[in-house]
There are 2 protein chains.
Amino acid sequence: MLNDATESLARLLPQGVVREIAPAYLEEPRGRYKGRAGLVAAPRTVEEVAAIIRACAEARVPIVPRGGGTGLVGGQVMPDGAMPLLLSLERMNRVRAIYPEEGVILAEAGATLQQVREAASGVGRQFPLALASQGSAQIGGVLATNAGGVNVLRYGNARTLCLGVEAVLPQGQVMHDLKRLRKDNTGYDIRDLLIGAEGTLGIITAASLVLAPVPAESGVAMLVVESPEAALTLLSLAQARMAGGVTAFELIAGQGLRFLDAAFPDLRQPFADRPDWLVLIEVGLPAGLSADDALEGLFTDAAEAGLVSDGVIAQSGQQAADLWTIRETIPDANRHIGAIASHDISLPLSEIARFIHDATAMLADRADLRINCFGHLGDGNLHFNLFPAAGKARNAYDGIRTGLSRAVHEMVVARGGSFSAEHGVGRLKAAELGEWGDPARLAAMRAIKDALDPAGIMNPGVILA
Amino acid sequence: MLNDATESLARLLPQGVVREIAPAYLEEPRGRYKGRAGLVAAPRTVEEVAAIIRACAEARVPIVPRGGGTGLVGGQVMPDGAMPLLLSLERMNRVRAIYPEEGVILAEAGATLQQVREAASGVGRQFPLALASQGSAQIGGVLATNAGGVNVLRYGNARTLCLGVEAVLPQGQVMHDLKRLRKDNTGYDIRDLLIGAEGTLGIITAASLVLAPVPAESGVAMLVVESPEAALTLLSLAQARMAGGVTAFELIAGQGLRFLDAAFPDLRQPFADRPDWLVLIEVGLPAGLSADDALEGLFTDAAEAGLVSDGVIAQSGQQAADLWTIRETIPDANRHIGAIASHDISLPLSEIARFIHDATAMLADRADLRINCFGHLGDGNLHFNLFPAAGKARNAYDGIRTGLSRAVHEMVVARGGSFSAEHGVGRLKAAELGEWGDPARLAAMRAIKDALDPAGIMNPGVILA
């Protein structure tokens, strides 16, 4: 049995790590869960993390790790069960070293994504993982959830960008594996097991991360397409022309543009008649080829093939930023409208267009609502979010919300897709994982959890309910 | 205790899977180990693989999985212990499906790498993993060893190129996880745990693999550099200019060129005076930029910076192939000369030049020998191989061979490098992993092995000795 964090545990902890239990430690951005904590501990070193974990293992007190707190699936709060110790990495926030010539940075878990991105820029490189929440999101959480974002298409997700980790395992052993190697085939891939485990198999305290070269030329365009299907054909064409230099390929629905009109009427949009579907494409190119020429060439070919009907190519960095602002403001507009349900799904690329069509039709049969479908089309990752019909209140849907979400997820799973593409499982989707996960894979996950964390103290209730 | 494969086990196996124990099943390419087998089984379906594994688990007979048999660390043979069942994937050799528009292929474990590469070419895509042994190497083995090769710099190793697996776990459960998704954050990364586990945690029976677009333009050049240090600066320059479009960056030593002269005197080399160091660079570029222009631009910049003194840019596909032939023939020349010891090492990029210098000096103090240092410099992965001095016999070094290898590996490990960059651990390096692996990481590996394979039947002696 796990126990509550108590005074006696506090005496086992290293000096000076205990912090006041500020309310922000117990919150998560969607407000679905209210956290609890008997103690908050903020260690300064990996040794202090190890001492805290050993103390909790001895006292059988659960540990909830906390980074920037921006996770969207409730992995950073523990609303029930034994009162946990909340382990905040906020004081382990240094960039330990940077190797521009290697393309490697060593950052502690509490460093924000923004901080790492700025450190990279400072040496003429880029850390290509980019998220809306990058000012708050911390590297530890980014790795624990294998975060994605807008550049996965070209640079991969957090897992792909991590070469090595320093971590504390659930029995307090420190794993020193902060390698700066592109190739290292020496046994089981414990690094990738910790990445994406959402703090249930140990605490990542630092990581060596890949810095990519900044492309010599880059450009952004926003193109009008007739359908998601046309957008996918355009993606194939773009990939073939750009030699894999498409760094982002984002789908935007007319519904999202209309939500922007409603929520941010001053935001200028490039197309006066709001199109049904837009694509935002960003390319990174070699020296000697202007982005404008490359995007013009793409547009000409795509127009000839009937894939695009209109478009703008940014003529300056400011224009490029303005086009990105449209994409990046959609989540804010969604919050302003107020979603009934959000879905972070992925599908095989060739299933996407049909899924959007079929899911839209299925939902229309069930309820009067609006769908804003947008996101990282190049990765097959959509945010397929449901909103009340115009003039209707959100709570009018309270009785059917769960059923609608379930129907969407069932349709995704039936087509070989995922009900959690980039946000993770957390507490929110643990039951769905238990229901839809492959039984042999789930059994292996449980065996590994029991083997590495026999006391079950690491973030209980997350991933494996 | 594990038992020998016996007649009674044969009766538990599915009908028609038992094969004759041909001598080739018991060999490995370096001839260091002589395998043994009580039975050879070649299943046709994943269900048959599961039935074989369940039978072996019941009879406590060890299983040695076998793909193309090209592995270089003895993972495919079991020279001692209980007589094993050899599980050959040779009959599960189909390409199950190909999705050109998604950039995905589903291949069975027994399909050869060449077969998958040709299937990709057939639909205008590429499977970018390329190895000298690709005509024999099978996908199952490529994944089990997380194989690398010449294009890792741009496309990643086998792990990066795998989206999902179908596998049989050590207690006979079939894991259906053949996803075609670029993003899927639903729990622990069992796929990446099986990849690189060298058959000790289960048998991969099929995989969904990434197909990349073929670059619109591509080109190859061979450039003369003064030193490995200059080569690395050239790599940085090339990466910055090419927006990550450098698909291969291989180092070749003068020693390798002289070995080619000795072994293959008819092979034409581009530089009459054999340079001390060459770089072979390959680039893949977008439409609108000729590879010739891009490589000329790079050469001009690099020459101005004093990094290159001479070079050739291939003017045709044939010339490009000829330049690659020089690189690819070096292992054959090495075999002709006869190595004392080979080392598949990786280092942080900024340590490489100093390592080559220091290791060469250290070895010169210890013995009279020749060093051929070549390989995937862009990945920090060198093949640092030792040969007898001219006129001396290999066996003159028998007494010091192990000590020389140990000294090289110690120097690598002390600089944050790996003693197995791309070949894996197998039996050959299991003791070194036990000695040099991080203790916490090793403990986690052992806990996972015990949890997933409690009977210890899967390729015993490999990775964890």
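The values are calculated or read from the model by the stated rules, or taken from the named source; none is laboratory data. Everything numeric here is computed off the predicted structure, so don't read it as measured data. Because the Cβ atoms are built from the backbone with ideal geometry, glycine has one as well, and the counts that use them run over all protein chains shown. Surface accessibility is based on the protein's heavy atoms, side chains included, excluding ligands, DNA and RNA. Shrake-Rupley method; radii C 1.70, N 1.55, O 1.52, S 1.80 Å.
Mean silhouette area of the range A:150-219, derived from the convex hull of its C-alpha atoms and averaged over all directions, reads 5.9 nm². Averaging 1/r across all pairs of distinct Cα atoms in the range B:95-213 and inverting the result yields a Kirkwood radius of 14.0 Å.
Once C-alpha pairs closer than 8 Å and six or more residues apart are averaged by separation and normalised to the residue number of chain B, the relative contact order reads 16 percent. Extension gain for the segment A:GLN315 to A:ASP80, taken as residue separation times 0.36 nm less the Cα-Cα distance, is 79.3 nm to one decimal. Each Lys or Arg adds one and each Asp or Glu takes one away; over the other residues whose Cβ falls under 12 Å from the Cβ of A:PHE259, this sums to +2.
Bridge orientation summary for the range B:1-104: considering DSSP beta bridges with both residues in this region, about 30 percent are antiparallel.
If you take the beta carbon distance between A:MET362 and A:ALA465 as r and set R0 to 30 Å, what does 1/(1 + (r/R0)^6) give as a FRET efficiency, to the nearest 0.05? So the FRET efficiency works out to roughly 0.65.
Approximating the spin labels as points 7 Å out from Cα along Cα→Cβ, the A:PHE271-to-A:GLU27 distance works out to 3.7 nm.
In the range A:7-111, how does Rg compare with the Kirkwood Rh, expressed as the Rg/Rh ratio over alpha carbon atoms? The Rg/Rh ratio comes out at 1.03. Under the convention that each Lys and Arg Cβ holds +1 and each Asp and Glu Cβ holds -1, the size of the dipole of the range B:217-323 around its Cα centre is about 200 debye.
For the range A:185-275, the Stokes-Einstein estimate of translational diffusion at 37 °C and a viscosity of 0.692 mPa s comes to 184 µm²/s, using the Kirkwood hydrodynamic radius over alpha-carbon pairs.
Within the shell defined by Cβ-Cβ distances under 12 Å, the residues around B:GLU282 carry a net charge of 0, with Lys and Arg each +1 and Asp and Glu each -1. Once C-alpha pairs closer than 8 Å and six or more residues apart are averaged by separation and normalised to the residue number of the range B:255-404, the relative contact order reads 25 percent. Note on chain B: helix-only mean residue ellipticity at 222 nm, from DSSP H runs of 4+ residues weighted -39500 (n - 2.57) and normalised by residue number, equals -10500 deg cm²/dmol. Taking the C-alpha atoms only, the angle from helix A:317-337 to the longest principal axis of chain A is near 70 degrees. Using Cα centres only, tell me the gap between the range B:291-322 and the range B:86-145 in whole Å. What the calculation gives is 32 Å, centre to centre. Take every Cα pair under 8 Å whose residues are at least 6 apart in sequence, average their separation, divide by the length of the range A:217-323, and the relative contact order is 48 percent.
Against chain A, whose longest principal axis comes from its Cα atoms, helix A:439-452 is set at around 40 degrees. Candidates A:GLY456, A:ILE352, A:GLY375 compared by Cα position along the dipole of the range A:308-465: farthest toward the positive end lies A:GLY456, with charges placed on Cβ. Based on protein heavy atoms only, the range B:2-88 ends up with 43 Å² per residue of surface accessible to a 1.4 Å probe. Mean partner shielding of peptide B:316-329, defined as the number of other chain Cβ atoms within 10 Å of each residue Cβ, is 0.
Shown for chain B is the translational diffusion coefficient from the Stokes-Einstein equation, using the Kirkwood radius over Cα pairs, a temperature of 4 °C and a viscosity of 1.567 mPa s: 55 µm²/s. With solvent modelled as a 1.4 Å probe, how much accessible area in total do chains A and B shield from it at their shared surface, in Å² to the nearest 100? Interface area, both chains combined: 6600 Å², rounded to the nearest 100.
Between B:GLU7 and A:ILE400, the distance separating the two model label sites (each 7 Å from Cα on the Cα→Cβ line) works out to 7.0 nm. The length gained on full extension between B:ARG44 and B:ARG60, counted as 0.36 nm times the residue separation minus their Cα-Cα distance, comes to 3.5 nm. Between B:GLU118 and B:ASP292, the modelled label-to-label distance comes to 3.3 nm, taking each label 7 Å out from Cα in the direction of the beta carbon.
At a threshold of 20 Å², the residues of the range B:442-459 that become less accessible to a 1.4 Å probe in the full protein assembly than in their chain on its own are B:ALA444, B:MET445, B:ALA447, B:ILE448, B:ALA451, B:LEU452. A 1.4 Å probe run over the protein chains yields, for the range B:217-323, 40 Å² of accessible area per residue, whole-number rounding. In nanometres and ascending order, the distances from the A:GLY81 label point to those of the other copies are 3.6 (point 7 Å from Cα along Cα→Cβ). I need the shape label for the range B:49-88. Rule: rounded when a/c is under 1.5, else prolate if a/b > b/c, else oblate, with a, b, c from the alpha carbon gyration tensor. It is oblate, given that a/c is not under 1.5 and a/b is not larger than b/c. Quick one: grab the alpha carbon gyration tensor of the range A:217-323, order the square roots of its eigenvalues as a ≥ b ≥ c, and give me rounded if a/c is under 1.5, else prolate or oblate depending on whether a/b is larger than b/c. Here the range A:217-323 falls in the oblate category.
Here the accessible area is traced with a 1.4 Å probe on the protein chains. For the protein assembly as shown, carbon and sulfur cover 48 percent of it. Charging the Cβ of each Asp and Glu at -1 and of each Lys and Arg at +1, and nothing else, the dipole of chain A about its Cα centre rounds to 1300 debye. Oblate is the label for the range A:414-462. Its Cα gyration tensor axes, ordered a ≥ b ≥ c, give a/c of at least 1.5 and b/c at or above a/b. The other copies place their A:GLY403 label points at 8.1 nm from this one, listed shortest first, where each point is 7 Å from Cα along Cα→Cβ. Here the protein assembly as shown is treated as a sphere whose radius is the Kirkwood value from Cα pairs; by Stokes-Einstein at 10 °C and 1.306 mPa s it diffuses with a coefficient of 55 µm²/s. Here the protein assembly as shown is treated with +1 on each Lys and Arg Cβ and -1 on each Asp and Glu Cβ, and its dipole about the Cα centre works out to around 2340 debye.
Rounded to the nearest 10 degrees, the inclination of helix B:349-366 to the longest alpha-carbon principal axis of chain B is 90 degrees. Once the partner protein chains are put back, the range A:166-206 shows a loss of at least 40 square angstrom of accessible area, versus the chain by itself, at A:ARG180, A:LEU181, A:ARG182, A:LYS183, A:ASN185, A:THR186, A:GLY187, A:TYR188, A:ASP189, A:ILE190, A:LEU193 (probe 1.4 Å, ligands and nucleic acids excluded).
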